[in-house]
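Notes follow the structure.
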Amino acid sequence: MAAISANIHSTADVADSARVAASARVWHYAQVREEADIGENCIVGRGAYIGTGVEVGDNCKIQNYALVYEPAKLSPGVFVGPAVVFTNDQFPRAVNPDGSPKSASDWEAVGVTVHEGASIGAKSVCIAPLTIGAWALVGSGSTVVKDVPDFALVVGNPARRVGWVGRAGHPLEKQADGMWACPRTGQKYRQVDSNTLIEVENS
């Protein structure tokens, strides 16, 4: 049940069976559906939609008018920009081949999984099923149609990797011997292959 002490605006529509942490904030005209789980310190912006059973980890920010359809799963610290869409139907149709209206039993929902610290820029569309890796960054207006590696910077339609980002969100600078460095924090990373970047201990 939604926490009575949570900061839920009077115009928000939060289902009785939704779980909203007391420190979370749900703003004007947002909708949180049945069995959704909103973690500590989360922000659900104006007009955002959180689908049935969607899991939102602690410290996430879901900005205005984002549409997070079930069965999406967001790990802690995820940023979902304004008007982002997470789809859930691979073969969308309003009707069956015989012309009858589709019901819930006529299709299978598939979800988007977003790992810790990742950010999805404004008006991006994530076409389920796919996974966005930890600390990855999806540029605004991108259409994501395949999995995104950890720390990857992807942009475009379809989204392609154009670089790497660190935990601070800044593009990494290429060093010698497959090494990369964050210009803000100095954290070092090693590129293992075209789709794999790992953090290394700074000496």
Evaluate region 158-174: report whether one residue or more is in a strand (DSSP E or B), in contact (Cβ under 8 Å) with a residue 12 or more places away in the chain, aliphatic (A, V, I, L, M) and closer than 21 Å to Tyr65 by Cβ.
no
Output the residues belonging to region 80-123 that are out of contact with any Phe, Trp or Tyr (no Cβ under 9 Å at 6 or more places or on another chain), closer than 16 Å to Glu55 by Cβ and of a type in the set (A, V, I, L, M, F, W, C).
Val110
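Inspect all residues belonging to region 40-49 and state whether any of them is more than 29 Å from Ala22 (Cβ to Cβ), without any contact (Cβ under 8 Å) to a residue 24 or more places away in the chain and in a loop (DSSP other than H, G, I, E, B). Walk me through it before giving the result.
Filtering region 40-49 for residues more than 29 Å from Ala22 (Cβ to Cβ) gives none.
Scanning region 40-49 turns up no residue that is more than 29 Å from Ala22 (Cβ to Cβ), without any contact (Cβ under 8 Å) to a residue 24 or more places away in the chain and in a loop (DSSP other than H, G, I, E, B).
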Counted residues, region 50-68 - those being part of a loop (DSSP other than H, G, I, E, B) and either closer than 14 Å to Ser124 by Cα or of a type in the set (Gly, Ala, Ser) (or both):
7
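Within region 92-115, can one find any residue that is in contact (Cβ under 8 Å) with a residue 24 or more places away in the chain and within 19 Å of Ile198 (Cα to Cα)? So that I can check it myself, show each step before the final result.
Going residue by residue through region 92-115, those that are in contact (Cβ under 8 Å) with a residue 24 or more places away in the chain are 109-115.
If we keep only those that are within 19 Å of Ile198 (Cα to Cα) too, we end up with 114-115.
Yes, region 92-115 has at least one match.
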Any residue that is over 20 Å from Lys123 (Cα atoms), polar (S, T, N, Q), within 13 Å of the chain's Cα centre (by Cα) and part of a loop (DSSP other than H, G, I, E, B) - is there at least one of those in region 77-93?
no
Within region 116-143, restricting to residues that are surrounded by fewer than 24 Cβ atoms within 10 Å (Cβ to Cβ) and of a type in the set (Val, Ile, Thr), the one that is nearest to Val84 (Cα to Cα) is Val125
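Throughout, read-outs are computed from the coordinates displayed, never taken from laboratory work. Predicted model, so just to flag it, every value in this text is computed and none were measured. Quick reminder, even Gly has a Cβ in these numbers, built from the backbone with ideal geometry, and neighbours come from all protein chains shown.
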